[in-house]
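Below you'll find the structure, written out as structure tokens, and then a few comments.
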Amino acid sequence: GYAGVITAVKPGYFTLSMDERFNLDGGYIGLFKWFMGDTKQKWVGFLARDTMITATSYSAAKAMLANTTMLAPAYFILGGNKAGEACVITRARTKAVDIWNMNATMWYILETNYDHWKAPLFLDDRRTQANFCMKNLQQKNAGFAGLFNVLSTKPVLNKETTYTALMQVNSGKLETYLQYCPDPCYPW
């Protein structure tokens, strides 16, 4: 079992998904500090769970996820129920490093476990293919079926993919799929 939250919908308010962020100041340092008595830090899954329970708006969820000290770095992908309410919060253990907000010039934002302002690891460039697929999909086709197809296209789908989640905040709909990537499938 797992007592935290990784992916969830608070119907009518916001959607939330957490992705791993690889960083030298990672979970081992936070865990060591926690064991040494620094219990003000939150476990990432517990912060997400607390956000789902207590936040009553997109902006409240965004503030909690951006400002709470955590044990490990992460990406929080947050969606709201109004136009423009979407962001990727890039977290270090102690604070938000970046908050990438959707704006009027973009109809989607895309996170693939690498800081969006840096080039992805050359062995794992899912971002280029995902952006290509999203541009071909176009906003008018961005329903569950279209997004599932993008997320199931190699190399967006790869050996590191655990599952695919599709969420719709207004209806509270959440679909999750265990994914399998038949060989050849990279990375790793």
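The values are calculated or read from the model by the stated rules, or taken from the named source; none is laboratory data. Computed from a predicted model, the values in this text were never measured in an experiment. Glycine also receives a Cβ, built like all others from the backbone with ideal geometry; neighbour counts cover every protein chain displayed. Each accessible area value is taken on the protein alone, full model and side chains, heavy atoms only, with ligands, DNA and RNA left out. Shrake-Rupley method; radii C 1.70, N 1.55, O 1.52, S 1.80 Å.
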Worksheet item: Would you pick out the residues in segment 116-161 that are of a type in the set (Gly, Ala, Ser) and open to solvent by less than 80 Å² (accessible area, probe 1.4 Å)?
Response: ALA130, ALA142, GLY143, ALA145, GLY146, SER152
Discussion item. What pairs come out if I take residues in segment 107-123 that are over 20 Å from TYR186 (Cα atoms) and pair them with residues that are of a type outside the set (D, E, K, R) and open to solvent by 90 Å² or more (accessible area, probe 1.4 Å) whose C-beta lies under 7 Å away, six or more apart or interchain?
Written reply: TRP107/GLN139
Response to the item:
A careful count of residues in segment 153-181 that are outside any strand (DSSP E or B), modelled with pLDDT under 95 and in contact with a strand residue (DSSP E or B) (Cβ under 7 Å, 6 or more places away or on another chain) gives 1
Discussion item. Return the residues of segment 83-98 that are closer than 23 Å to LEU147 by Cα and either open to solvent by less than 40 Å² (accessible area, probe 1.4 Å) or modelled with pLDDT of 95 or more (or both); say none if nothing qualifies.
Written reply: GLU85, ALA86, CYS87, VAL88, ILE89, THR90
Worksheet item: Looking at (1) at pLDDT below 95; (2) on the phi < 0 side of the Ramachandran plot; (3) surrounded by fewer than 18 Cβ atoms within 10 Å (Cβ to Cβ), which is the one condition that is false for ASN113?
Response: (2)
Discussion item. For segment 92-143, give me each residue that is in a helix (DSSP H, G or I) and either touching a Pro at 6+ places or on another chain (Cβ under 9 Å) or under 25 Å from ALA74 (Cβ atoms) (or both).
Written reply: PHE122, LEU123, ASP124, ARG126, ARG127, THR128, GLN129, ALA130, ASN131, CYS133, MET134
Item to complete: Could you check, for segment 162-178, whether at least one of its residues is farther than 22 Å from ILE89 by Cβ, within 17 Å of the chain's Cα centre (by Cα) and aromatic (Phe, Trp, Tyr)?
Response: yes
Worksheet item: Applying the selection to segment 55-74, what residues are modelled with pLDDT of 95 or more, in a loop (DSSP other than H, G, I, E, B) and open to solvent by 10 Å² or more (accessible area, probe 1.4 Å)?
Response: THR56, SER57, THR68
Practice prompt. Among residues belonging to segment 35-54 that are of a type outside the set (Ser, Thr, Tyr) and at pLDDT 95 or above, point out the one that is most open to solvent (accessible area, probe 1.4 Å).
Written response: ILE53
Practice prompt. Name every residue in segment 1-34 that is open to solvent by 90 Å² or more (accessible area, probe 1.4 Å), closer than 26 Å to ALA119 by Cα and modelled with pLDDT of 70 or more, in order of residue number.
Written response: GLU20, PHE22
Practice prompt. Could you list all residues from segment 178-187 that are within 18 Å of SER17 (Cα to Cα) and open to solvent by 80 Å² or more (accessible area, probe 1.4 Å)?
Written response: LEU178
Worksheet item: Given the conditions (1) under 26 Å from GLU85 (Cα atoms); (2) open to solvent by less than 60 Å² (accessible area, probe 1.4 Å); (3) without any contact (Cβ under 8 Å) to a residue 60 or more places away in the chain, which single one is not true for GLY172?
Response: (3)
